[in-house]
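S.K.: Sharing a structure with you now.
The values are calculated or read from the model by the stated rules, or taken from the named source; none is laboratory data. Remember, predicted model here, so these are calculated numbers, not experimental data. Neighbour counts are summed over all protein chains in view; Cβ atoms, including those assigned to glycine, are modelled from backbone coordinates with ideal geometry. Quick note on the areas: whole protein, heavy atoms, side chains included, nothing else; ligands and nucleic acids left out. Shrake-Rupley method; radii C 1.70, N 1.55, O 1.52, S 1.80 Å.
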Amino acid sequence: MSEFKGAVVTGSSRGIGAVTAQLLAEQGIGVVVNYRAKAPRANKIVAAIEEKGGKAVAVGADLTSAEGPQALVDAAVENFGSLDVVVLNASGGMETSMGENYALRLNRDAQVAMLQAALPKLSEGGRVVFVTSHQAHFINEVSTMDAYDAVAKSKRAGEDALREMIPELAEKNITFVVVSGDMIEGTITATLLNRLEPGAIDARREAAGKLYSVEEFGAEVAKMVFADVETGHTELVGGAGDFLTQSGK
């Protein structure tokens, strides 16, 4: 069982975040399951965790709002006694209904705001994990599909802004790890991209050799919460070979 007691997993009412939250709970960590709008879905994840003897609480919070990040931090401390882990999984930007610059507000500004809110409460020796995609991580060297370009750039901007906080995290012996994955089968982003650019998923599957499922990738994210790696480490999950070749890394 883990020595960590409390975790916040953003965007965890479904998909990769939900899988990660459930796996952390199985390690004895109390998890704040975060959702933006759909409470029933989050409550279902909490119920599944509690059924297995784990601890979780569902908290509605829009990370792009002024009060959202703090609500998640407070929930972890109040319910589980401490905040030891933050998994920055929430992302988006393909939505057309969320106003201008939404991708940047969510994928950069809200990520930084979440970590800034968490930092005063994060335990010494804690861990922060940022979840991204190869398409975003390598965007400065390798171009991506037009439909995903703005999102990829905003996620890379978020990663860069978070990396700038590493010295501040180091003062409390908090490590920062990036987990980057290829297109994930069954995610909303992959589905939307395939709709906008038919054949996109098949093309990536061919280039990568295999695309991870939501369950498989969530397991990799959860694993990096405990992995013995140096701060600033980037874990490339599956099929990064062609990105590395094109980027010259």
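S.K.: Looking only at the range 86-125, count how many residues are of a type in the set (S, T, N, Q), at pLDDT 95 or above and on the phi > 0 side of the Ramachandran plot.
M.R.: 0
S.K.: Would you check if residue 191 is under 22 Å from residue 19 (Cα atoms), open to solvent by 30 Å² or more (accessible area, probe 1.4 Å) and not charged (D, E, K, R)?
M.R.: yes
S.K.: Step by step: first the residues of the range 156-186, then only those that are at pLDDT below 95 and either under 21 Å from residue 121 (Cβ atoms) or crowded, with 19+ Cβ neighbours inside 10 Å (or both), then the one that is nearest to the chain's Cα centre (by Cα). Which residue is that?
M.R.: Per the criteria, the residue is 181.
S.K.: Residue 211: open to solvent by less than 50 Å² (accessible area, probe 1.4 Å), hydrophobic (A, V, I, L, M, F, W, C), within 16 Å of residue 15 (Cβ to Cβ) and not in a helix (DSSP H, G or I), yes or no?
M.R.: So residue 211 passes the test.
S.K.: Would you kindly identify the helices (runs of 4 or more DSSP H) lying entirely within the range 128-180 that contain at least 2 residues that are in contact (Cβ under 8 Å) with a residue 24 or more places away in the chain and closer than 26 Å to residue 6 by Cα?
M.R.: Ranges flagged: 146-163, 166-170.
S.K.: Out of 216, 197, 230, report the one residue that is open to solvent by less than 70 Å² (accessible area, probe 1.4 Å) and either of a type outside the set (Gly, Ala, Ser) or without any contact (Cβ under 8 Å) to a residue 40 or more places away in the chain (or both).
M.R.: Result of the check over 216, 197, 230: 197.
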